[in-house]
1. Can we say Gly32 is within 24 Å of Glu180 (Cα to Cα), in a loop (DSSP other than H, G, I, E, B) and either small (Gly, Ala, Ser) or at pLDDT below 85 (or both)?
2. Name every residue in segment 556-597 that is crowded, with 22+ Cβ neighbours inside 10 Å and hydroxyl-bearing (Ser, Thr, Tyr), in order of residue number.
3. If we scan segment 125-140, do we find a residue that is in contact with an Asp or Glu (Cβ under 7 Å, 6 or more places away or on another chain) and within 22 Å of Gln256 (Cβ to Cβ)?
4. Look at Glu478 and say whether it is in a loop (DSSP other than H, G, I, E, B) and surrounded by fewer than 20 Cβ atoms within 10 Å (Cβ to Cβ).
5. Please count how many residues of segment 225-247 are part of a loop (DSSP other than H, G, I, E, B) and in contact with a Lys or Arg (Cβ under 8 Å, 6 or more places away or on another chain).
6. When you look at Glu436, is it assigned to a strand (DSSP E or B) and touching a residue at least 40 places away in the same chain (Cβ under 8 Å), yes or no?
Amino acid sequence: MKTRKWPALCLAILTMCMGACQDWGQMDPPAGNQKYPKLEQVLKMTFEEEEFDPESLNYYAYEGGNIAEIEDDKVHGKVLHLLDGYARMFNPLNSVEVQNGVSLTFWVKQAVRIDEETEEQLEPDLVGALFSFQNSNGTQRMFLTANGWLKYEGVDGEYEVNNPEANKVSQNPLLLPAGEWHYMAITIRNDGYSIYVDGKQRIDKMVEQSDFDFGKIVQFMAGTSYLYIGNGSDSPTQEMWIDDITIYRNQITDIQCQTPNIGSEEGAFEYLVGTPIITVGAADNSAAWWTAFSNYFRIPANGSMKFKFINHTNGKNNWNNWCFALCTDDERGGTDYAEYFLIRSDLYGWGDSYASGTWTSEGYDNWDTFRADMEGAEVTVTVQRNGATVSVEAVAKAINGNVYKEAFTTTCGDGTQVVRAFFVVDGAHIVFDTEETSALTTVPLTKNTIGAEDCSTAWWTEFSDYFQIFAGQNLHLEFENHTNGVGNWNNWNLSLCTDAERGGSDYAEYFVIRSDLYGWGESYASGTWSSEGYGDWNAFRADMEGAKVTIDIQRNGATVTTTAVATAKNGNVYKETFVTDCGDGSQTIRAFLIVDGAHLKMNHSNCYLYIPLFK
């Protein structure tokens, strides 16, 4: 039996809101019906005083226990402490449409429990629910425990897996050693569920629809009335602490599954290890082999990185330049350290995955010329992970204009693990460009063409996808612009807005800008423009037909800098930069493109979010 102790403010909220809740919601139609999974938070709950509304939770106690309460923790600040108690809130998923799943991330710590008689440490709590989704009277529920026990009881069926009592050995993975904080990332999909703990995947359960339709669980989580913290199974949850609860209406990516730095913003991931090293190797190019290294750069599954640097060399040998290594997520010399491959600027390499890789190259015709050209060359190295496949492309532009391009592709592991990259020099040194060395996350596109191809689309009728930009992230878009050529404005248009749907109650535009140095919006008047190449509007209108356009939206606190560069087929370049402040800089914002007497063809592989690695 459970005893519930109700704070007065919680009773008031429950009375006001009980009638507004529903037990069942709707899920997006299957893929292909104009619904596409876009990563979107529906809840971000921390317990810091300036960010947390205590009235958003109801607080309870198990029989003889104590009401859950907010308290101080030396590591996490304000946290929710559940000492023989639990908390409840209205299900935040009720207000949205879920897409291809439901995900939760949070920090949690279970108490170390000691047997009073033997003074021996008891096993962690494997049967008390970390969280649960329940209907208004508790007759339908879905819960998950610390060992990955998932149980669902609904009107449309029942399912459970990893019941601790079913098999004492194989069914009890020790996911959460007691007495320390752990970061959990959980996704419930239409075909099963996965759990990451401290950045490592511990469970990935696939369930055939013929065995059980997991879409029923996703729909139940989306539509039922309540979310419980520390309650939901048939056993009281033992003492634990919880912090930074985030809920998404779809499947999270590997970035959200990795352990964030405590106190960091959404999407945080330790891309760079250690204090930034901008110059690798002695300036006189005297560094011997395997003595001068860059930082480790950690790359999550399906992640990408771009490195830009100036290469310097003693010019003696082909290999006296930059070298690039990809390895396991461990320190050099560590017990789990292994190199997938190491490649050099002169089309050579080695490592576990090297022999099975493939090379392509351009510009390597004369080694004497190559050795001379690599002094002062500007080098861009791009690393892309696509499942187990890793592709590295390096382009070196010599001061005299000569270009050397090499590309190496191979398979590394199974593609699910975090890997590390680093640079090492030999008789050389490199200096990183701190602005353009970044971690990249490709954004999904459902619309590759925006607007009718005859450029007949009217204003505010055709839009690109929304592109969500979290605080601290930047957005890069590339596309081909087509125009009817009638007006200066009959080209691309860009809107930056709040994290809401157009026409929604929370939707507001920070600004809309056009390709012809014009715009409007709440933040527009206080902004500043700069431009290059504009002077002849007749030439501009002609040049924008078929022009290649890149747009970068960079966030630095509240300041947003938008730079658009259009390169015409004849080589003419039009560059515009607009700078203004948008909100306080901590919020998620959205960007989208609009056409008017124009159409755009998106470059799918070059639309991505990016985070500078040297911050």
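The values are calculated or read from the model by the stated rules, or taken from the named source; none is laboratory data. The shown structure was predicted, so the numbers you read here are calculated from the model rather than taken from an experiment. All Cβ positions, even for glycine, are placed from backbone atoms using ideal geometry, and neighbour counts span all protein chains on display.
1. Criteria not met by Gly32.
2. If the condition is that a residue be crowded, with 22+ Cβ neighbours inside 10 Å and hydroxyl-bearing (Ser, Thr, Tyr), then Tyr574, Thr580 are the ones that fit.
3. Looking only at segment 125-140, we keep the residues that are in contact with an Asp or Glu (Cβ under 7 Å, 6 or more places away or on another chain), and these are 135-136, 140.
Now narrow it down to the ones that are within 22 Å of Gln256 (Cβ to Cβ): none.
Checking segment 125-140: not a single residue is in contact with an Asp or Glu (Cβ under 7 Å, 6 or more places away or on another chain) and within 22 Å of Gln256 (Cβ to Cβ).
4. No; evaluated as a whole, the condition is false for this residue.
5. 6
6. No.
Table: residues versus (1) among the aromatic types (Phe, Trp, Tyr); (2) in contact (Cβ under 8 Å) with a residue 40 or more places away in the chain; (3) out of contact with any strand residue (DSSP E or B) (no Cβ under 6 Å at 6 or more places or on another chain).
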position: Arg88; (1), (2), (3): no, yes, no
position: Val98; (1), (2), (3): no, yes, no
position: Arg113; (1), (2), (3): no, yes, yes
position: Tyr152; (1), (2), (3): yes, yes, no
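Rundown of residues vs (1) within 25 Å of the chain's Cα centre (by Cα); (2) hydroxyl-bearing (Ser, Thr, Tyr), yes/no style:
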{"site": "Ile203", "(1), (2)": "yes, no"}
{"site": "Ile217", "(1), (2)": "yes, no"}
{"site": "Thr224", "(1), (2)": "no, yes"}
{"site": "Met240", "(1), (2)": "no, no"}
